[in-house]
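All remarks here apply to the structure that follows.
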Amino acid sequence: MSYYLLTEETAIAYAREKLPQFKEGDFNCKEIGDGNLNYVFRIWQEGGPSVIIKQAGDLSRLSKVPYSRDRNRIEAEIMKRQGEYATGFVPEIYFYDDEMTAMAMEDMTGYTVMRTSLNEGVIFPTFAEDITDYLVGILLKSSDLVIHPKDKKEAVKFFTNPELCDITERFIFTDPYLNGPGRNPDFEPNRDFVKKEIYDDTAIHAEAAKMKYIFMTKAESLLHGDLHTGSIFVKEGSTKVFDAEFGFYGPMGFDIGLLMANLMFAHARATCAYVGNAPKDEYLKWLEDTIVSIPELFKTKFIAAFNELCADPMLKTKGYAHSLLGDIMSDTAGMCGAELIRRTVGLAGVADLRAIEDIEARAVAERKCVMAGKRMMTYRFQSMSGQDYLDAMEAYVG
Ligand code: SR1
Ligand code: MG
């Protein structure tokens, strides 16, 4: 079969052809993709089987820029591998079709996208435990600490993802500062603030440059590569991470830092413009506990897993694991800062901020995120604690 772009009509026929449980009966199909790059079809039968088919087109959906369709292979392979490293935290991949650059994966009906739920004030009590299990699993088990260095070097080659890394290098580490293509949105109430704090602040450009170079060169672990709250499905007691198309071998702190920043966006929204199901105090308490406990849980679980799984006699030398963990925590803080700034100032904003209807509340929430981002990137210590992330949300003082 040669490649063609699926539609809601042809996706059903495609599922029939590829998956035995879809051979017979009537099915519904809806295109549910809301990202910039791919097409996502949900195919289901009332009371019967359901599946998600995700296909890469030759052009990105919104900007109509050409990207290699091979990104879908990389994503399918990463999700399969991460499903092994972090069992229970990744949707199952049923197949990847190289000709069609399409994959079939477990339908997550019953789950919601975490960003949507956070913006509605929904609490997920097990999230910090779940996501730190996932992070330690995918980051440690893909690294030289656990797999044979020759296998790891093969994996670095296999998961090389130049086009999507190029997007990240531009969208996170360059465009927000230089506003080169003039594509950063112009939010008038913060225009002067952004000019002073970001465009004219060459010291913060230097910190962003350091983080960019770490991103480009530190082939430490197989990353998810875009671990924001829109890449996480949640329901009570369960967390599943999807959409790993930006994955590659990079610095561990990139995944942890992006996650932390995206929880901080939810915090800015909750403090400046809360609308939600749970009482505000209850929601904020859970969110703050979550922000504080993720880095701490990560540290504890990382050291325990290192002691259990690291096989290299030299790397097991007393003191090394803690020294490495310090570097990871420092990278995490810097990457968190870069994400805070880019999703506030840059083109790919987050609904947590941009959907705040009260303009003055949105302006304050965005200033809080920019100043927190600057603090995290500038003061990224090895001894970084979870409380430091929460404290950074107070860095903006009117
Ligand atoms: C062109 S894609 C823009 C952004 O959306 C994705 O989620 C990545 O974060 C990327 O930077
Ligand atoms: Mg995505």
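Only the coordinates and a few stated rules stand behind these numbers; no lab work does. Just so you know, these numbers come straight off a predicted model, no measurement behind them. Here the Cβ positions follow ideal geometry from the backbone for every residue, glycine too, while neighbour counts run over all protein chains shown.
For the stretch 38-157, what's the relative contact order in percent, using C-alpha pairs closer than 8 Å and at least 6 residues apart?
Rounded, it is 21 percent for the stretch 38-157.
Using only the alpha-carbon atoms of the stretch 137-189, report the extent along each of the three principal axes, biggest first, to the nearest angstrom.
52, 21, 12
Once every DSSP H run of n ≥ 4 in the chain is given -39500 (n - 2.57) and the sum is divided by its residues, what mean residue ellipticity at 222 nm do you get, rounded to the nearest 500 deg cm²/dmol?
Result for the chain: -16000 deg cm²/dmol, rounded to the nearest 500.
A 30 angstrom limit on the alpha carbon distance is what I want to check against. Which of 218/374; 195/301; 18/240; 218/240; 235/280; 141/285 exceed it? Don't skip to the end; give the middle numbers.
Working: 218/374 22 Å; 195/301 41 Å; 18/240 24 Å; 218/240 26 Å; 235/280 20 Å; 141/285 32 Å.
Flagged as over cut-off: 195/301; 141/285.
Arrange the peptides 154-164, 359-369 so that the one whose residues have, on average, the most other Cβ atoms within 10 Å appears first.
359-369, 154-164
Taking residue 30 as the anchor, which aspartates and glutamates have their alpha carbon closer than 12 Å to its alpha carbon, excluding any fewer than eight residues away along the same chain?
By straight Cα distance, residue 30 reaches 8, 9.
Which residue, 110, 161, 93, has the largest displacement toward the positive end of the dipole of the stretch 40-161 when charges sit on each Cβ (Lys, Arg +1; Asp, Glu -1)?
The residue sitting most towards the positive pole is 161.
Which three extents, in angstrom, do the Cα atoms of the stretch 1-117 have along their principal axes, listed largest first?
39, 34, 27
Decide, for the stretch 296-338, between rounded, prolate and oblate: order the square roots of the alpha carbon gyration tensor eigenvalues as a ≥ b ≥ c, take rounded if a/c falls under 1.5, and otherwise choose prolate if a/b is larger than b/c, else oblate.
Cα axes put the stretch 296-338 in the prolate bin.
Give the distance, in whole Å, between the Cα centre of the stretch 72-99 and the Cα centre of the stretch 18-57.
17 Å
So how compact is the stretch 31-97: Cα radius of gyration and Dmax in angstrom?
Rg and Dmax of the stretch 31-97, Cα atoms, are 13.5, 39 Å.
Given a cut-off of under 8 Å on Cα pairs at least six residues apart, what relative contact order in percent is computed for the chain? It would help to have the intermediate numbers written out before the result.
Details: 698 pairs, mean separation 68.5, N = 398.
RCO, the chain: 17 percent.
Rounded, prolate or oblate for the stretch 307-398? Axes are the square roots of the Cα gyration tensor eigenvalues, ordered a ≥ b ≥ c, and the cut-off for rounded is a/c under 1.5.
Prolate is the answer for the stretch 307-398, as a/c is 1.5 or above and a/b outweighs b/c.
Quick one, what does Rg over Rh come out to for the stretch 168-311 if you take C-alpha atoms and the Kirkwood Rh?
Details: Rg = 17.9 Å, Rh = 17.8 Å.
On the Cα set of the stretch 168-311, Rg over Rh gives 1.00.
Could you order the peptides 109-117, 61-69 from most to least packed, using the average number of other C-beta atoms within 10 Å per residue?
Peptide ranking by packing, descending: 109-117, 61-69.
What's the center-to-center distance, using Cα atoms, between the stretch 276-315 and the stretch 324-387 in Å?
18 Å
I'd like to know how the stretch 213-266 sits against the 2.2 N^0.38 Å rule of thumb: what's its Cα Rg over that expected value?
1.18
Can you give the convex hull volume of the alpha carbon atoms of the chain per residue, in Å³?
On the way: hull volume 56.7 nm³, N = 398.
Taking the convex hull of the Cα positions in the chain, it is 143 Å³ per residue.
Can you tell me the Rg and the Dmax, both Å, for the Cα atoms in the stretch 244-341?
16.5, 53
With a cut-off of 8 Å between alpha carbons and a minimum separation of six or more residues, what is the relative contact order of the stretch 228-322 in percent? If you can, show how the numbers build up before the last one.
On the way: 36 pairs, mean separation 16.4, N = 95.
Contact order relative to length: 17 percent.
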